[in-house]
Amino acid sequence: MVSQEANALRRSEPFIERLQRFGKSMLRSPITLVGTIIIAVIIVQALSNILQGEYDFELFVKQLMVGLAQGSIYALVALGYTLVYGILFMINFAHGEVFMAGTYIGFFAIDAMNKTGFLEQHTLLSLLIVFLVAIVSSVLVAVTLERIAYRPLRNAPRLVPLITAIGASTFLQRAFVGLFGSSPRVYPNVHFYILPQVFHLECNAVDGVETCLGMDLVSGRYPLQFLGIEILFRPFYLVVFLAAIAMMATLWYIVRRTKTGKAMRAVAEDKATASLMGINVDSVIVTTFVLGAALAGAAGVLFALYNRQVVPTMGFAPGLKAFTAAVLGGIGNIPGAAVGGFFLGIVEAVAPSLLNIPNQLENVIAFGMLVLVLIFRPSGILGEVLTEKKA
Amino acid sequence: MQHRKMFWLLSLVVIASLALAACGPQATPTPTPTEEPAAVEETPTVEPTVEEPTAEPTAEEPTAEPTTEPTVEAAAAGLKIGLVTDVGEVDDRSFNQSAWEGVQAAAAALGGEASYIETQDSTDYAANIAEFADNGYNIIVTVGFALGEATIQAAADYPDIHFIGVDQYQGEALPNVTGLVFNEDQAGYLAGVLAARMSQTGTVAGVYGTDLIPAVVLFARGYEAGALATNPDINVITTFHPGGLDVAFTDPEWGAQTAAQAIDQNADVIFGAGGKTGNGALTETANRTTADKPLYCIGVDTDQWETLDEAHPCLISSAMKLIPVGLEAIINQIVAGEPPSGNYYGPVGLASFHDFADAVPAEVQEELTTIAAQLTSGELATGVTLGGGEAEAPTEEAPAEAAATGTSIVTIAPGDTVLLGFSAALSGEGVEPLGVDERRGAELKLAERPTITVGGVEFPVAIDPQDDLCSGEGGQTVANRFASDERIVGVIGHMCSSSCTAAKPVYEAANLTMISPSCTAPSLTEDGSLAFNRVVITDAFQGPTAANFIFNTLGVTRIATIHDGSPYGEGLVGATGDAFVALGGEIVSAQAINVGATDFRGVLEEIASTDPGLIYFAGFVAEGAKLAEQRADAGMQDVYFMGADGIKAPEFIEAAGDAAEGVYASSPVPLSGDAYDAFIAAYTEAYGEAPIAPYHATAYDAVGVMLDAIEKVGTLDADGNLVIDRVALSQAIRATKDYPGLTGSLTCDANGECGNALVDVFVAQNGNWVSTSAE
């Protein structure tokens, strides 16, 4: 009996201690308390909406799906922010415009191919060309930017390149408005059919003979039974999501497992020492920008195939959201950027309906989430990868 | 750890910039002249003392408590006069003091008693007035225009007590309130005469607060008139502060600079009128005067010798409002049983010459005394045609309907022209064509109908076109000009909502009425103002047509609404939604989106879960196209999508692609018909080109509605003069019914909404917008 009681006591002690510690930490930092209260309010609000039947599982699944797709775009752009930050410790605020530049120039390629009918005949090849054009354009813009705007300021105080980046962002945006006008350009509707043998979709019966085109990966929408609910599934959601995962993995591999990646990490740790070790710091930094810009260009084409309208100001909002995503996930952290992007996309899509908040406040919710996450995890969801020498 | 902090900072920056970006494009410029129009005279700004008014019975200063010993021993006449100061002390050497002197003198002469209360805080006005009223005072004097409202309120509460409001213009005459006001132009005239006599160089100058305040303009014009009457060859430099009401009276640096410029241009007498701005001019003149080249300056409102020591080296006199004299006269009349209600024009005069008594020649002093007397008696007019009453004898009552800058009655002699103000942007990039187009529309109406006929007599009609630059400031300036011009019967304009918003209160105060051909902001007609009317439809006009189409033509009873947060979108969703609900429909989901966002699938999923029959979107092409397209992702490709003129553009069809097919949009129909064709022909013949902007037809109709209303209210008096009551004119405009205009049959409602247009619903078919009613 005695030993059992003692055991019980021993087991309960840590819990009480933990509670006490939690209480103390709250008293020490009132902002934690505020954060806790806000989260409690959010949970209560969400639960009450669910219990009252105003928010059901079906709507959740649908919004989760579109949120993941949007989040994948954020994640791809966020990778560029996080990469440059991880190596250079600077925020490349013009990254949103790098994203825009690729998408915008990619438009001219796909538009030309659409008008000649090439797009319809050789869809895969056309798409590859568009991706290539967009990626090359983004890379060119980013490399030029690095050479002109950032490299001369590499040893300047940290705020200086930040301001330059904001300036470069505005410059690029206005330059595109000046060159191409501010009215929207519209990507064509692309139909990219695969595996007609497997998917009996998009079928036409001509004279009793049924021919199927297969699944339209880009523009198709197919009803799907799923856990007893019916959703309209768009394969492109999956494409964007998988693309984001794949690119993140590739990037992670490059940084962690290749010689180039090793050099990048060395430069991140200590530029001076790295150059003493025979690493060409300039070329490593250019490589960093190239990688980030390539991802942005690819993300841009995915974005445009999905949302179709492109304007010179299109980089601002996704750029800002992607930067937020990077901070959310833990800036400098490659998986973190992806996690942050998905998280932000899902919150934006789900939260207004779940919490019964006007949809116009989606940005308030998104950035409120950022603040909440930073209250509890100041270095982001997955934490910063701190290669910098720390005290 | 350094950069971690930085992230907090950056996150904040990001959030802030996003918030800014979100606000940016939606912000609608609404000029809000919030500052109360400061009168020329500076309101005494003596720091309120901390302690309560304490009883300090002295021979000179009476007590602050009205119930304590009276200052002037009353001969049991029962006359008790109370004075409530504006915030400040009673011995402020300015308004409060002069008013108190007048009250004391009157009480002494009439054998009454007098007391005062020093107001400590502007929230105490009513309480201080009530203090006197509850203690058996028969006459209560309140000093300064800031007490105007409290005075009127108290007058209504205490109908047996007579109130005198110093510097409080009475727009509506109450039987027991007299406003003591002054003819500023006469004071200015005297200053002008003095300046012209004293000037050696033949150049004199005036430095003024803003010309937005009629009283300031009166001072300036009077000064010019006086100087020119004395010396026709004199050069008068007049400079008004260019800023708004918030700075015009508190900018001594500008005053000094302007005075210095005038002196550099050879001016040797400077008249400074405009609070601290004017004082700056006086001080600068004092600093620059030398024995070889003496400079003189003239102060304003009260004897500034007492209030502005810095100006002593140059201050020969001040153009004063003689408050004590005016107060005494009013009190005497009240006691005599003939209380003047409405406005009493107090005499004005020049202050003592003080140290310059020898410098001003005796004959000039005599001349000034004579002119002052002539002005007071009405024998001499300043010739300044601004505002109401300055040509009237000082004791005459202003008409009950008179407003701050003019009476409501316009009298036009036989054969004279009926003049309409016309205001639009006649210059400025982008807006000039709109304004010129409106002016041409108005001119064409006049060409077609050059006269009006009242009682069988024809009077020619003309417009006075002014450029308001499509801005709030411009609108206010033009409005002040029209409001102070007694000949203006009504105003056609203004062109832009910002300009209309700024001009409306000015016209309201002057009992002028306006008909705008193009101000569409819904708020303009929402406050019950009599001044503003329009013959253009507002954004919300399409609402009922759209609702009717949805409910009756499409047979949809459940709709989801989305707006883009713009005033246009919100207004339109409100109008359509209300009309739809009134028809018996149901709004199952009301959403709003952010302009510039790209992915609306989340909100569309929510809308889809409410199973609407139609999505109604009030916004513009970019968001509309995305919504129309993305609705398919939420399984709503077969749900109707409808918008308004914001999306009825070829760009929508281009951007939305296949998803545009079958989308509906309501929109006003371009004008057509024989009358319009004839108008276009006349326009093209007169100006050598087709109409250059959209608002010619509304301008044309605005003039027509105005002329009809004038004919309705105009009367002929015994001398054959055409008499137009501008208040009645405004009511007549609102009574307009079935006026056959170019834009349709115009009927005005009680708020001044007269616009009409044919609204049709269009559908996107094969890449074009096609009318649904034409099928």
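Since every read-out is calculated from the coordinates, none of them should be taken as a lab result. Being a predicted model, the structure only gives us computed values, none of them experimental. All Cβ positions, even for glycine, are placed from backbone atoms using ideal geometry, and neighbour counts span all protein chains on display.
Placing +1 on the Cβ of every Lys and Arg and -1 on the Cβ of every Asp and Glu, with no other charges, gives region B:677-759 a dipole of roughly 200 debye about its Cα centre. Based on the Kirkwood approach, the hydrodynamic radius assigned to the protein assembly as shown is 35.8 Å, with every pair of different Cα atoms included.
Within 10 Å of the Cβ of each residue in B:590-600, the mean number of Cβ atoms contributed by other protein chains is 6.
Charge tally for B:Asp564 (other residues, Cβ to Cβ under 13 Å; Lys, Arg +1; Asp, Glu -1): -2. For region B:104-191, the Cβ-based charge dipole about the Cα centre amounts to some 240 debye (Lys, Arg positive; Asp, Glu negative; other atoms uncharged). Could you work out which residue, out of A:Phe108, A:Phe118, A:Phe192, moves most in a Gaussian network model of chain A, that is, has the largest mean-square fluctuation with Cα springs under 10 Å? Checking each option, the largest mean-square fluctuation is seen for A:Phe118. With a Förster radius of 60 Å applied to the C-beta separation of B:Ser672 and A:Gln45, the computed FRET efficiency comes to 0.65.
Beyond a 28 Å Cα-Cα separation, which of these cross-linked pairs lie in this structure: B:Lys445/B:Lys648; A:Lys62/B:Lys648; B:Lys445/B:Lys504; B:Lys445/B:Lys737? Listed pairs above 28 Å: B:Lys445/B:Lys648; A:Lys62/B:Lys648.
When chain A is treated as a GNM with alpha-carbon contacts under 10 Å, the residue of A:Ile381, A:Ile365, A:Ile38 showing the greatest mean-square fluctuation is A:Ile38.
Here the residues A:Lys259, B:Lys276, B:Lys504, ranked from fewest to most Cβ neighbours within 10 Å of their Cβ, fall in the order A:Lys259, B:Lys276, B:Lys504.
Region B:611-644 and region B:686-760 have their alpha-carbon centroids 40 Å apart.
When a/c is below 1.5 the answer is rounded, else prolate if a/b is larger than b/c, else oblate, so apply that to region B:160-271 with a ≥ b ≥ c taken from the square roots of the Cα gyration tensor eigenvalues. Oblate.
Taking A:Gln121, A:Gln45, A:Gln20 in turn, the Gaussian network model of chain A (Cα-Cα springs below 10 Å) assigns the largest fluctuation to A:Gln20.
Computed from the alpha carbon positions, the gyration tensor of region B:540-604 leads to an equivalent ellipsoid with semi-axes of 22, 14, 9 Å, biggest first. Remark: relative contact order (chain A) = 30 percent; criterion is Cα-Cα distance under 8 angstrom and separation of 6 or more residues. The Rg/Rh ratio for chain B, using Cα coordinates for both the radius of gyration and the Kirkwood hydrodynamic radius, is 1.06.
Among A:His122, B:Thr743, B:Ile724, which residue has its Cα furthest toward the positive end of the charge dipole of the protein assembly as shown, with +1 on Lys/Arg Cβ and -1 on Asp/Glu Cβ? In the protein assembly as shown, that residue is A:His122. Angle of helix B:567-583 to the longest C-alpha principal axis of chain B, folded into 0 to 90 degrees and rounded to 10: 60°. Rounded to the nearest 20 debye, the dipole magnitude of the protein assembly as shown is 9200 debye, with +1 charges on Lys and Arg beta carbons, -1 on Asp and Glu beta carbons, and the Cα centre as origin.
For region B:278-345, the relative contact order works out to 26 percent when only alpha carbon pairs closer than 8 Å and six or more residues apart are counted. Once you order the gyration tensor axes a ≥ b ≥ c over the Cα atoms, which shape class does chain A get: rounded for a/c under 1.5, otherwise prolate or oblate by comparing a/b with b/c? Taking the square roots of the gyration eigenvalues as a ≥ b ≥ c, chain A is oblate. The Cβ shell under 15 Å around B:Gln257 holds other residues with a net charge of -2, Lys and Arg each +1, Asp and Glu each -1. Once the C-beta distance of A:Leu372 and B:Ser427 is scaled by a Förster radius of 56 Å, the resulting FRET efficiency is 0.60 to the nearest 0.05.
Given R₀ = 25 Å, FRET efficiency for B:Ala381-B:Gln333 by Cβ-Cβ distance, to 0.05? The computed FRET efficiency comes out at 0.55. Protection proxy ranking of A:274-283, B:225-234, B:604-613, by the mean of other Cβ atoms within 10 Å over each peptide's residues and highest first, is B:604-613, B:225-234, A:274-283. Centre-to-centre, using Cα atoms only, region B:475-533 and region B:576-607 are separated by 36 Å.
Each label was represented as a point 7 Å from its Cα along the Cα-to-Cβ direction; for A:Ile229 and B:Ser122 these points are 5.8 nm apart. Across region B:184-377, Cα-Cα distances exceeding 26 Å account for 28% of all pairs.
Against the longest principal axis of chain B, how steep is helix B:497-509, in degrees 0 to 90 to the nearest 10, with axes from Cα atoms? Approximately 40 degrees, to the nearest ten. Pick out, from B:Val621, B:Val573, B:Ala660, the residue whose Cα sits farthest towards the positive end of the charge dipole of region B:541-662, with +1 on the Cβ of Lys and Arg and -1 on the Cβ of Asp and Glu. It is B:Val573. Sorting B:Glu338, A:Glu97 by the number of Cβ atoms found within 10 Å of their own Cβ, with the fewest placed first, yields B:Glu338, A:Glu97. Label sites at B:Ser773 and A:Leu125, each approximated as a point 7 angstrom past Cα along Cα to Cβ, lie 5.4 nm apart. The alpha-carbon of B:Lys293 sits under 30 angstrom from the alpha-carbons of these lysines, leaving out residues fewer than 8 places away in its chain: B:Lys276. One Cα centroid belongs to region A:147-168, the other to region A:233-272; the line between them spans 25 Å. Here the extension length gained between B:His354 and B:Thr451 equals 29.1 nm, from 0.36 nm per residue of separation less the Cα-Cα distance.
Ordering of B:721-728, A:294-301, B:579-586 by packing is A:294-301, B:721-728, B:579-586, highest average first (other Cβ atoms within 10 Å, averaged per residue).
Residue exposure proxy: B:Lys626, A:Lys262, B:Lys80, ordered by other Cβ atoms within 10 angstrom of their Cβ from fewest to most, comes out as A:Lys262, B:Lys80, B:Lys626.
Positive contributions from Lys and Arg (+1) and negative ones from Asp and Glu (-1), summed over other residues with Cβ under 13 Å from the Cβ of A:Gly368, come out at -2.
Taking every residue in B:627-635 and counting other chain Cβ atoms within 10 Å of its Cβ, the average works out to 4.
For the segment A:306-317, counting C-beta atoms of other chains within 10 Å of every residue's C-beta and taking the mean gives 4.
Does region B:541-662 come out rounded, prolate or oblate, given a ≥ b ≥ c as the square roots of the eigenvalues of its C-alpha gyration tensor, rounded meaning a/c under 1.5 and, failing that, prolate meaning a/b above b/c? Rounded.
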